[in-house]
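The values are calculated or read from the model by the stated rules, or taken from the named source; none is laboratory data. Everything numeric in this text was worked out from a predicted model, so none of it was measured. Here Cβ is always computed from backbone atoms with ideal geometry, including for glycine, and neighbour counts include all displayed protein chains.
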Amino acid sequence: MHSCPNFLYGAHGMRSLLAAAAFVSVWWPAHAHALDPPTVYDNFQNYPLGSRAAGMGGAYTALACDEAALHYNPAALGCANASRLELAANAYLIQAYSVPDAFGERNDIDAINFHSLPSIAGGVRILSEGEEDGSNRWVFGFNVVVPHSLILKIDPEHPEMPSILTGSIVDNIIALDVGVGWQINRYVAVGASIGGALRTYAAESHFFSTTSQRVPCGTGLTCGSFYLQTADQEALALGLRGKAGVRITPVDGLSLGLAVVSPSIDVFGTSELTGNVSYGLPDATGALIHDAVPFRYEGSSNLSMPLRLAFGIAYHAHPVTVSLDASLNFPHTVETVHELEQIIVEGFPELSQDIVDAAETVHERTWQPNVNLGAEFAIAEPVVLDVGAFTDLSSVSDDAVDEGQDRVHMFGGTLALGFPGRRARGWFGVSFEMGRASAKVIPGGIDLATLAQNGFAFTAESTITRWTLAGFIGSNYSFYEGDNEDPPPPKPKR
């Protein structure tokens, strides 16, 4: 019989222990070194948005002038030279997350997942061409974007081992913005937009720990003691936000951009956490005690998007365009699951508020600076080559790292081929980002005997590796009669 603390023995003590474990450890990876699944808030972007914008590494705050303006800088709507529709999609998105020996030797976290989804769809409509010099020009725009998306399925590297953990996570944000850009004169444009965002989150967790040692469990029978935990969690949050921007073109070929995105205003949010804990563990006499503890929670969820400030500078001198962005996300609180209330299950006692509070998921995020750099080269008529580089620094704070959360800084690059025709334009490209970080992991494994003796002791060292590979296809089309003529104003320059 394996070693267990004395307080484990007895049905009442066992139920109390496992009831607490059900709520404290149902999402124990979220509170443990190297086992914290990444969220859409940890890093700002795991793939750049748009078609031309994506090819230039997202360095688009001072450039834009097309359908991506509402995402990067609404003031850049003012220099759009035609009414257009755009659709840019991720032809593929491969996300990887791995931690060797996360649960002891040969018990690795290893997830590589593929999914595909549109990243941006939108359009611009010129409301008024304004004066001959380009002043007093009004342009309307709208777009729907998927700025953050995360899908991971974590399976055991060696499924033949008796103690296993599996899990999955689907985390997406979809945003809608509508706005107007006003080209005040040849040199200055301003813009503003309002919009909303929807976050959908779903997760699963299966944790099974057993031991090869056998104990009596009936007449002439011996069984292996075990601990089994399952869980299912869903959250949905809806919020509003606003954007404002300015774009300045002081001289031909040079443009400056500044954009501010407000923190999200929470409108609606809900969360559910359901699951069960089952066990068969020996009492003081060696006989197995079997029982099950169901748990049911309902609560709230917030969108929790931060205040964001972005500055950009771009310069065009045929056949080259270069662009540089610097951005900062401000500290904020992420409340994925909070204000939980227990749903009493018939036949089971109500748990303490401390256990309920332990199931909440609230993170404090810190300053998040990033840099984007892009360049475009005209290599033929009408063919351009876009290249870009970007940082994707983590917003996980020092305090959160001390509490066991993981912080992985990502760095990426893009490459795209564009065909900027007057009526129809298209881009084909690829982006890749990667990050690594050291982490604490479990040294002894997750078999029941080891856990009963040592608990989840994160004292060994390992390395987290994350990377995202995305292929994107983007195109836009000028649909409004008269928009195929050359843009009348000499300024603003694109």
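Tabulated data for the structure shown
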read-out: Per-region count, region 64-84, residues part of a loop (DSSP other than H, G, I, E, B) and modelled with pLDDT of 90 or more; value: 1
read-out: Filter result for Gly167 (crowded, with 20+ Cβ neighbours inside 10 Å and over 28 Å from Leu49 (Cα atoms)); value: yes
read-out: Residue count for region 397-414, restricted to those that are in a strand (DSSP E or B) and either at pLDDT below 95 or surrounded by fewer than 17 Cβ atoms within 10 Å (Cβ to Cβ) (or both); value: 2
read-out: Residue selected from region 41-88 under the condition in contact with a Lys or Arg (Cβ under 9 Å, 6 or more places away or on another chain) and among the hydroxyl-bearing types (Ser, Thr, Tyr), by the criterion surrounded by the most Cβ atoms within 10 Å (Cβ to Cβ); value: Tyr60
read-out: Breaking point among (1) more than 30 Å from Val430 (Cα to Cα); (2) surrounded by 13 or more Cβ atoms within 10 Å (Cβ to Cβ); (3) out of contact with any Pro (no Cβ under 8 Å at 6 or more places or on another chain), for Leu385; value: (1)
read-out: All positions within region 333-355 that are β-branched (Val, Ile, Thr) and buried (at least 19 other Cβ atoms within 10 Å of the Cβ); value: Val334, Thr336, Val337
read-out: Failed criterion for Leu87 (all others in (1) at pLDDT 70 or above; (2) part of a helix (DSSP H, G or I) hold); value: (2)
read-out: Output for region 420-456, where each listed residue is in a helix (DSSP H, G or I) and of a type in the set (Gly, Ala, Ser); value: Ala449, Ala452
read-out: So Val139, is it surrounded by fewer than 20 Cβ atoms within 10 Å (Cβ to Cβ) and either within 30 Å of Gly429 (Cβ to Cβ) or touching a Gly at 6+ places or on another chain (Cβ under 6 Å) (or both); value: no
read-out: Extreme residue, modelled with the lowest pLDDT, among residues of region 281-318 that are aromatic (Phe, Trp, Tyr) and under 23 Å from Leu236 (Cα atoms); value: Phe295
read-out: Scope region 367-422; condition touching a residue at least 60 places away in the same chain (Cβ under 8 Å) and among the hydroxyl-bearing types (Ser, Thr, Tyr); matching residues; value: Ser394, Ser395, Ser397, Thr414
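One line per residue, one yes/no per condition, for (1) under 32 Å from the mean Cα position of the chain (by Cα); (2) of a type outside the set (Gly, Ala, Ser):
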residue: Gly123; (1), (2): yes, no
residue: Leu127; (1), (2): no, yes
residue: Glu131; (1), (2): no, yes
residue: Phe140; (1), (2): yes, yes
residue: Pro147; (1), (2): yes, yes
residue: Asp155; (1), (2): yes, yes
residue: Thr166; (1), (2): yes, yes
residue: Asn172; (1), (2): yes, yes
